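K.L.:
Before we start, here is the structure in question, set down as structure tokens.
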Amino acid sequence: MTAKDDPKTDPDDFLNLAAKREEFLETFFRKGAELTDQLLQELQVFRERIAALEEENNDLRLQLASDDAIRDLLTRVRELEEERQSLRQSTTDMVGEHNNYTARFAEMERELDQMANLYVASFQLHATLDAAEVLSVIEQMLVQFIGAAEFAIFLRREHAPHPVLQPVHVFHCDRIRGVTIDWNDGPIGEAAATQVNYIAAPADAQRHGLPIACIPMIFGRDAIGVIVIYKLLEQKTDFVDIDFELFKLLAQHSAAAIVGAGLLARCGNVPDSLNSFASL
Amino acid sequence: MAQYTCLVVEDSPMMRQLIVFALGRIRHLDVVEADDGVDGLKKLSAGKFDLVITDINMPIMDGLKLVKRIRTDAVHRDVPIMIITTEGAAEDRQRALQLGANAYITKPIQAPQVISKVKELLNIP
């Protein structure tokens, strides 16, 4: 029996079957191709996704490294900031110390200046035993060192029942010539009686025509006279520290210089210096 | 060794001594002293000076006449001159500066002020 005779192998059926097989195969391969295409596309997507993830991973690694670097930098910045603060503090301390030294240097300059004034004044005051020269030195001290424009030197004169004060040297204040002041009368007499300096505010005293300063000249326990300042030089508006030191020096040394010169004048002649020392 | 020489013309021995004392604190500065303007001119003609400090009120020849003379002197006409005086009026200062003084300081003096001005006139740092 042939296939043609077999009902199960009917040619038409065979043809149909072949066609179906062809169709199936075609469909199968087409779907296979489509699936392959789809797989390839998905593979491409995955590849791209992997590439992107790798790139992202690299970025993250870099960022991590960068974060570490930033952390290091921040630590360094903090250290530098602390160092800067420390240096700043050191600089501030040094500036303070420098200012302190500058102030001390200025203070020493002032003191040296005062000492120079006092040394020169004292030296000159005791450099002569001539009464007129002693008065001239006092005058120079008052004009050149203190800045007095008008002044008078009063000396004590014994007079019953109380001593009086009379001017023996007048500088630019002729109105004082011939004046006699009672002991303990007014600022001049009181300065002599109390042996305490009288110092007024220059502007007020000058405005009222009163003495600005009355400096008693003290020898031993007694006041032998008073130096009276009536007016200061135009550029001198007030007394300064050195003036008060000079007043002390005048109070203590001018009297001794005047008394010494007076005693020598009473001797009548000036002894030979070397011989007089040899007899000591 | 002195680099500069200064002539101090002042009739008051006290003030002269004080000025010399102050100038002694400037290194390399020699000081020559004169009693008045005429003495100052004599000392000037006998030497070479870098600075003259003078008072105004002095016997025989005052400081302003001395300034005038120095400004016409062939050798010292360019020497800086500093006035140290009791004359504090503005017109006195103006007159001295017009005559050729370079600096004007009034008494009573303060040593730091004098030292500073001398250094300035001599260009000493």
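The values are calculated or read from the model by the stated rules, or taken from the named source; none is laboratory data. All figures in this text were calculated on a predicted structure; none of them were measured in a lab. Cβ placement follows ideal geometry from the backbone for every residue including glycine, while neighbour counts extend to all protein chains displayed. Surface areas here come from the heavy atoms of the whole protein model, side chains and all, with no ligands, DNA or RNA. Shrake-Rupley method; radii C 1.70, N 1.55, O 1.52, S 1.80 Å.
K.L.:
Pairs to check: A:Lys248/B:Lys68; A:Lys248/B:Lys42; B:Lys43/B:Lys119; B:Lys42/B:Lys117. Give those whose C-alpha atoms are more than 31 Å from each other in this structure.
P.N.:
A:Lys248/B:Lys68; A:Lys248/B:Lys42
K.L.:
Would you mind computing, in nm to one decimal, how far apart the modelled labels at A:Leu15 and A:Leu112 are, each placed 7 Å from Cα along Cα→Cβ?
P.N.:
The two pseudo-label positions are separated by 13.9 nm.
K.L.:
Then there is this: Angle check, please: helix A:131-140 long axis (alpha carbons) against the longest principal axis of chain A (alpha carbons), in degrees 0 to 90, nearest 10.
P.N.:
Roughly 30 degrees between the two axes.
K.L.:
Mean-square fluctuation check for chain A, GNM, Cα pairs under 10 Å: which of A:Ala131, A:Ala18, A:Ala152 is largest?
P.N.:
Its mean-square fluctuation being the largest, the pick is A:Ala18.
K.L.:
List, in order, the whole-Hz ³J(HN,Hα) value for each residue of region B:105-117 obtained from phi through the Karplus relation with A = 6.51, B = -1.76, C = 1.60 and θ = phi - 60°; use x for Gly and Pro.
P.N.:
Per-residue couplings from phi come out as 10, 9, 7, x, 8, 10, 3, x, 5, 5, 4, 4, 5 Hz.
K.L.:
Something else now. Within region A:130-268, what whole-number % of the accessible surface is contributed by carbon and sulfur, with the 1.4 Å probe and all protein chains included in the calculation? Can you show the working numbers first?
P.N.:
Numbers: 3370 of 6540 Å².
Here carbon and sulfur together make up 52 percent of the probe-accessible area.
K.L.:
For region A:12-127, report the convex hull volume of the alpha-carbon atoms normalised per residue, in Å³, without decimals.
P.N.:
Expressed per residue, the convex hull around the Cα atoms of region A:12-127 is 80 Å³.
K.L.:
While we're looking at this one, here's another question. Grab the other residues whose beta carbon is less than 12 angstrom from that of A:Gln41, score K and R as +1, D and E as -1, and report the net.
P.N.:
On the way: positive: A:Arg47; negative: A:Glu34, A:Asp37, A:Glu42, A:Glu48.
With Lys, Arg at +1 and Asp, Glu at -1, the net is -3.
K.L.:
So who's got an amide H within less than 5 Å of the one on A:Leu155, skipping anything under 5 residues away but keeping other chains? H placed 1.01 Å off N, in plane.
P.N.:
For A:Leu155, the qualifying residues are A:Gln166, A:Val168, A:Val226.
K.L.:
Kindly provide the trypsin sites (Lys or Arg not before Pro) of region B:32-125 that DSSP labels as loop, not H, G, I, E or B, and whose Cβ sees at most 13 other Cβ atoms within 10 Å.
P.N.:
Details: sites: B:Lys42, B:Lys43, B:Lys48, B:Lys65, B:Lys68, B:Arg69, B:Arg71, B:Arg77, B:Arg93, B:Arg95, B:Lys117, B:Lys119; in loops: B:Lys48, B:Arg77.
Hits after loop and neighbour filter: B:Lys48, B:Arg77.
K.L.:
Just the number, please: Stokes-Einstein D of chain A in µm²/s, Kirkwood Rh from C-alpha pairs, 4 °C, 1.567 mPa s. Could the numbers behind the result be given before it?
P.N.:
Working: Rh = 28.6 Å.
The diffusion coefficient I find is 45 µm²/s.
K.L.:
Would you look at the GNM of chain B, springs on alpha carbons closer than 10 Å, and say which of B:Ala111, B:Ala96, B:Ala46 moves the most?
P.N.:
Between B:Ala111, B:Ala96, B:Ala46, it is B:Ala46 that shows the largest mean-square fluctuation.
K.L.:
Under 5 Å between amide H atoms, partner at least 5 residues away or on a different chain: which partners does B:Ile105 have, H built in plane at 1.01 Å?
P.N.:
The list, which skips near neighbours in sequence, is B:Ile83, B:Ile84, B:Thr85.
K.L.:
Using only protein heavy atoms and a 1.4 angstrom probe, determine the accessible area buried between A and B, summed over both sides, in Å² to the nearest 100. Please list the in-between numbers first.
P.N.:
Values: alone 19870 and 6820 Å², together 24890 Å².
About 1800 Å² of accessible surface is lost on pairing.
K.L.:
Could you pull out which residues in region A:161-179 have an amide N less than 12 Å from a spot 7 Å beyond the Cα of A:Glu234, following the Cα-Cβ vector?
P.N.:
none
K.L.:
Turning to a different aspect of this structure: Summing Lys, Arg as +1 and Asp, Glu as -1, what charge do residues with Cβ under 13 Å from the Cβ of A:Glu107 carry, A:Glu107 excluded? Write out the running numbers ahead of the final one.
P.N.:
Working: positive: A:Arg104, A:Arg110; negative: A:Glu109, A:Glu111, A:Asp113, A:Asp241.
Local charge sum for A:Glu107: -2.
K.L.:
Now a separate question. Gap in Å between the Cα centre of region A:11-58 and the Cα centre of region B:38-73?
P.N.:
Distance between centres, Cα-based: 123 Å.
K.L.:
When the helix-only estimate is applied to the protein assembly as shown (DSSP H runs of n ≥ 4, each -39,500 (n - 2.57), divided by the residue count), what is the mean residue ellipticity at 222 nm, nearest 500 deg cm²/dmol? The partial results should precede the final answer.
P.N.:
Details: 12 runs with 219 residues, N = 405.
Per the formula, -18500 deg cm²/dmol.
K.L.:
Something else now. Plugging the Kirkwood radius over Cα pairs into Stokes-Einstein for region B:4-118, at a temperature of 4 °C and a viscosity of 1.567 mPa s, what D comes out in µm²/s? Mind dumping the intermediate values first?
P.N.:
Working: Rh = 13.7 Å.
Using the Kirkwood radius from Cα pairs, D works out to 94 µm²/s.
K.L.:
How big is the dipole moment of the protein assembly as shown about its Cα centre under a simple scheme where the beta carbon of each Lys and Arg is +1, that of each Asp and Glu is -1, and everything else is neutral? Debye, nearest 20, please. Kindly include the intermediate steps, with their values, before the conclusion.
P.N.:
Values: 42 positive and 62 negative charges, 588 e Å.
Charge dipole of the protein assembly as shown: 2820 debye, to the nearest 20.
K.L.:
Pick from A:Gln252, A:Gln63, A:Gln41 the residue whose mean-square fluctuation is largest in a GNM of chain A, springs joining Cα atoms under 10 Å.
P.N.:
Judging by the Gaussian network model, the answer is A:Gln41.
K.L.:
For region A:37-117, what is the accessible area per residue in Å² when the probe is 1.4 Å? Present the calculation step by step, with values, prior to reporting the outcome.
P.N.:
Working: 7220 Å² over 81 residues.
The answer is 89 Å² per residue.
K.L.:
At q = 0.21 Å⁻¹, what is the base-10 log of I(q)/I(0) for region A:130-268 according to the Debye formula with one equal point scatterer per Cα and no solvent? Please give it to two decimals.
P.N.:
Treating every Cα as an identical point scatterer, log10 I(q)/I(0) equals -1.37.
K.L.:
If you put +1 on each Lys and Arg Cβ and -1 on each Asp and Glu Cβ, how big is the dipole of region B:29-125 around its Cα centre, in Debye rounded to 20? Write out the running numbers ahead of the final one.
P.N.:
Values: 13 positive and 14 negative charges, 53 e Å.
In total the dipole reaches around 260 debye.
K.L.:
Oh, and also: Quickly work out the A:Glu133-to-A:Thr75 label distance, labels modelled 7 Å from Cα along the C-beta direction, and quote it in nm with one decimal.
P.N.:
Reported label-point gap for A:Thr75 and A:Glu133 is 8.5 nm.
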